[in-house]
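See structure below.
The values are calculated or read from the model by the stated rules, or taken from the named source; none is laboratory data. For clarity, every value in this text was computed on a predicted model and none was experimentally measured. So basically every Cβ, Gly included, is an ideal-geometry build from the backbone, and we count neighbours across all protein chains shown.
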Amino acid sequence: MNEAEIRERLDRTNELLQRMLAEVSKTPSTHAIFVDAGYVYAAAGLLVTGTEDRRSFDLDAEGLIEAFIDKARTIFADSRLLRVYWYDGARRRIHTAEQQSIAELPDVKVRLGNLNANNQQKGVDSLIRTDLESLARHRAISDAALVGGDEDLVSAVEAAQGYGARVHLWGIEAGEGRNQAEPLLWEVDSQRTFDLDFCRPYVTRRPVTTYEDDTPAPAREDVRFVGAQIAAAWLAARGRESLADLLPGHPYLPGSVDQDLLVEAERLLQHSLRGHAHLRRALRDGFWQHLQSQY
């Protein structure tokens, strides 16, 4: 091969490389948002209402997710959103009604870990790592916004960074100290904290109705009847499918459903059931009895 032929081949190779680089430059970068719902509920609830107990407040997940998307749109101005991943826990990994409504939102993927008897999430961190690593490995994302605080997420961050993705840690302001592990803060590419003003529109404390306790407590059978009555009303209002999903979790109810059941029962009975564990069991028994009789 003479010098002229070598030069011609080099020119052709350079031309191909320039074309490829031009195509790559036209390809928009992509980002995804990974939300540890357990962290969000605990941190936002504590910041806005002073409690981490989900039963004490309502979270407007749809509004908060939209706010996260808008923030990412501003930060990653030249990037497109792949989707939002929402990680939460559920008994036997069966979606609650609330989780179903979140899953139906556009550009949102709900991923469920297990919820044990102490209402502790299990397996969520491993789900986040799997998704982060897989998307980074396949070059599906260039940036990941991670909303969480657990030290176990460090390995997920390292895995994604190993494939070239940048990981940005988003957190919620802590009243005192920190609610995100220091090793996690050290590993990420950037940090951002959302304050009280950002979170307040999406967290609402549930009203607590007080009743005079100087009247005799209702009879156990009366409470069971009210539980069945509420189940019948909920079947009519919420639909059979949404309540049928509760059946595999028997005898446990998701925390939000159990709280709604208690509040409605106290309204009908005009008597507080707080501090009456045997009556609350009777309430759930009546609820389950009617529900199971319909399926």
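Key figures
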| item | result |
| --- | --- |
| When residues of region 91-129 are limited to those that are polar (S, T, N, Q) and surrounded by fewer than 18 Cβ atoms within 10 Å (Cβ to Cβ), the one modelled with the lowest pLDDT | ASN118 |
| Residue check, ARG139 of a type outside the set (A, V, I, L, M, F, W, C) and at positive phi | yes |
| Residue list for region 268-293, restricted to those being touching a residue at least 40 places away in the same chain (Cβ under 8 Å) and exposed (fewer than 13 other Cβ atoms within 10 Å of the Cβ) | GLN270, HIS278, GLN292 |
| Qualifying positions in region 215-231 - surrounded by 14 or more Cβ atoms within 10 Å (Cβ to Cβ) and either at pLDDT below 85 or not β-branched (Val, Ile, Thr) (or both) | ALA217, PRO218, ARG220, ASP222, ARG224, PHE225, GLY227, ALA228, GLN229, ALA231 |
| Helices (runs of 4 or more DSSP H) contained in region 224-295 and holding at least 1 residues in contact with a Lys or Arg (Cβ under 8 Å, 6 or more places away or on another chain) | 255-269, 277-293 |
| Elements of type helices (runs of 4 or more DSSP H) contained in region 154-214, each with 2 or more residues being surrounded by fewer than 14 Cβ atoms within 10 Å (Cβ to Cβ) and either out of contact with any strand residue (DSSP E or B) (no Cβ under 7 Å at 6 or more places or on another chain) or modelled with pLDDT of 95 or more (or both) | 182-187, 196-199 |
| Subset tally (residues that are over 16 Å from LEU64 (Cβ atoms) and of a type outside the set (Gly, Ala, Ser)) for region 75-89 | 5 |
| Residues within region 133-153 that are assigned to a loop (DSSP other than H, G, I, E, B) and over 15 Å from SER79 (Cβ atoms), tallied | 4 |
| Output for region 37-68, where each listed residue is surrounded by 18 or more Cβ atoms within 10 Å (Cβ to Cβ) and among the β-branched types (Val, Ile, Thr) | VAL40, VAL48, ILE65 |
| Residue check, SER142 touching a Ser or Thr at 6+ places or on another chain (Cβ under 8 Å) and surrounded by 14 or more Cβ atoms within 10 Å (Cβ to Cβ) | yes |
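The rows are residues; the columns are (1) modelled with pLDDT under 90; (2) within 18 Å of the chain's Cα centre (by Cα); (3) not in a helix (DSSP H, G or I).
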| position | (1), (2), (3) |
| --- | --- |
| ALA22 | yes, no, no |
| ALA44 | no, yes, no |
| GLU52 | yes, yes, yes |
| LEU64 | no, yes, no |
| ALA67 | no, yes, no |
| THR74 | no, no, no |
| ARG83 | no, yes, yes |
| TRP86 | no, yes, yes |
